[in-house]
1. Using Cα-Cα distances under 8 Å and only pairs 6 or more residues apart, what relative contact order does the range B:141-221 have, in percent?
2. Mind listing the phi-derived Karplus ³J(HN,Hα) values for the range A:230-241, rounded to whole Hz, using 6.51, -1.76 and 1.60 with θ = phi - 60°, and x for any glycine or proline?
3. Rank A:LYS82, B:LYS121, B:LYS397 by accessible area, highest first, at a 1.4 Å probe radius?
4. Report the gain in length on full extension from B:TYR211 to B:VAL18: 0.36 nm times residue separation, minus Cα-Cα distance, nm rounded to one decimal.
5. To one decimal place, what Kirkwood hydrodynamic radius in Å is obtained for chain B from all pairs of distinct Cα atoms?
6. Given a 1.4 angstrom probe, I'd like the percentage of the accessible area of chain A that is carbon and sulfur, rounded to a whole number.
7. Which residue fluctuates the most in chain B, going by a Gaussian network model with Cα springs under 10 Å, if the choices are B:ARG154, B:ARG234, B:ARG119?
8. For chain A, what's the relative contact order in percent, using C-alpha pairs closer than 8 Å and at least 6 residues apart?
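The values are calculated or read from the model by the stated rules, or taken from the named source; none is laboratory data. Small disclaimer: the values here were computed from a predicted structure and weren't measured. Here the Cβ positions follow ideal geometry from the backbone for every residue, glycine too, while neighbour counts run over all protein chains shown. Heavy atoms of the whole protein, side chains included, go into the accessibility calculation; ligands, DNA and RNA do not. Shrake-Rupley method; radii C 1.70, N 1.55, O 1.52, S 1.80 Å.
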Amino acid sequence: MADQQAVLETRSLTIQFGGHVAVDEVSCAFQAGTLTTIIGPNGAGKTTWFNLISGQLTPSSGQVLLAGEDISNLSTEARTDKGLGRAFQLTNLFPNLSALENVRLAVASSYRIGHIFWQRASLRRDIEDRARHYLDFVRLGHRADTPVSYLPHGDQRKLEVALLMALEPHVFMFDEPTAGMSVDEVPVILDLIANLKKQDDKLILLVEHKMDVVRSLSDRIVVLHHGQLVADGEPAEIIASPVVQEAYLGTSAGAPTEEASA
Amino acid sequence: MLQSILSGDLPRSRVLSVALIAILIALALGPFLFPGTRAFATLGMICVFIIVVAAYDLMLGYTHIVSFAHTMFFGIGAYGVALGIGHFGSGFGAIFIGILGALLLSAALALLLGLLSLRVKAIFFALVTLAVAFAFLSVVTQMYHITGGEDGLRVRVPRELGPAFRPLDSVTGFDLFGFLGVLFTQPWNLVDGFRDAFFTVRFTGRTLMYYALFLFAGVIFLFLLRLVNSPFGRVLQAIRENEFRAQALGYRTVFYRTAVVILSALLTTFAGALFALFNRYVNPENTLNFELMIFILLMCVLGGMGTLYGAIIGAVVFVVAQNYLQDVLGALSEAVNVGGFVGSLIEPSHWLLWFGLLFVASVYFFPSGIVGQLRIWARRREMRQTVAEHQTESSAKERLT
Ligand SMILES: Nc1ncnc2c1ncn2[C@@H]1O[C@H](COP(=O)(O)OP(=O)(O)OP(=O)(O)O)[C@@H](O)[C@H]1O
Ligand SMILES: [Mg+2]
């Protein structure tokens, strides 16, 4: 693993909110063609770590490197341009635009045509086709014209995934993509992610609580606890390790969450 | 064909389509349908405000940028032409130079404002634009030797655009409202009414100017319709809906906001220049006043924010009310003829009070503006129809089985 250059790396990445250290000196590197799952109890700092990587937050100290280049000082937009894609844990869409329009915005961004205000009809059809393709991907084809604010929660979660897919990034960051979905919707999304994994040049980061899913899907598991990276390794090994049993599974067994029961 | 002219953004309401067609006809044939100078001025102001309000809606309705500096750009255009003509004489070259200078100044000011809008919160931005607009107004008022101060400037337009130029003699028009008045009040005089409705149109350079204004308003409107339905326009709406997510999708919202503020300012500047040529007189009151800014805001909200067609409807309703609500009130107060408080309420000069009440009522009942509401109704109707069709279909199937 070490001989290959890391696609994404965080070096001693740290952020403090007041006195509270939400992400504490996290150093970790990820190789292309792998899927890494990040687990940890609620408030462990998983989302905050993602925010630091994708640029929503600026670190107190430490660096983020993308293909060896330090991107710590770049804006979110610039990082997205460089191939970092992100889906959000809390649904974060364009509520009064239709589902299709939402995806189309992502497609147009990957085509880099947002600044064009005189559109050729052929280009419009092309973008629309791709947008529909990604909607069908997450089984939302029939909802194309519905404004997002009218969609049920599960569909909004799927749309969140569709937006990330439509961006066609190199690095995919999913933050609890299946949270709040019904039992029959979950496999749809997980299949999508499993299929993504087959593309060798992609890097996938996944925050997910469902342990059975995590075990079969991941190449590697990273455990965060109180903002610190406490374990990192093969799924079987990590899940069996006493640190994780105590820090993660222990606490989540104590807190009856939907994820734990699923 | 129509689809591509309107950039695929059809009115989507039958009532709205009919209203728009009626407005288009009224504006296109206006000088031949409505005699009198006041009707002529009303037609021209509608065209001016269609541009101004549509450009404002691009910021307010489509991007949620609240700016009170819109009249400043309007004034820059109007004064640009007035000063150009004042310096270089009544030629088209002078007009061109005036407009060019005005556009450059507006672009520079809009760039500064646009860049500012990225650094500060929306409410603070609105306040800054207000302060800038006031500062500009007081500068114009004080620089008496250049701008004419409160008195303003007379715009000596080229002969071809003035009242002395007569390209066509004895054109006949038909007084539509005069005829309709007879039709409804004295139907027995129909034949005479019909004959009397014909009048001779004074077709002058001012009429030519009106048609130039009308054409520019049409072209600019269609251009804006194309813009808001382009990828660029979609990004603006994305910024309005969720700027944070637009950035996460990789859009440099900085660029889009600045571009929109500049574009809106340029179009408004151009509208100001056309206004100066049409009205032939500019002063702070008719170009820079804060009252004018409020009117623009009213037209935008009344028509429906975020729907460009709302700019047309809003401008027509407002300008017509501004010019004719006084007549209605005058007729009313004459007919009722009561003194005291009630009488003073329906005094013609209090038209703005009544317009204000109408405005509050319309915003209360139609929060998404006239166009928004018409579209909601059309949508509901459509849904009812599909449901009904569905029901007849399924009951037919039941009968078959
Ligand atoms: N912007 C912020 N300001 C202050 N505190 C924050 C901020 N963002 C996160 N935190 C704190 O940082 C800690 C880590 O939060 P984070 O959302 O990263 O946890 P998480 O691991 O994603 O948890 P969950 O499983 O609930 O999603 C929490 O204690 C949270 O309250
Ligand atoms: Mg989280």
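1. Relative contact order here is 34 percent.
2. For the range A:230-241, the Karplus curve yields 9, 7, 7, x, 5, x, 4, 4, 5, 5, 7, 5 Hz.
3. B:LYS121, B:LYS397, A:LYS82
4. Fully extending the segment from B:TYR211 to B:VAL18 adds 67.2 nm.
5. Answer for chain B: a Kirkwood hydrodynamic radius of 23.2 Å.
6. After summing per-atom areas, the C and S share lands at 50 percent.
7. Evaluated over chain B, the most mobile residue of the options is B:ARG119.
8. Relative contact order here is 26 percent.
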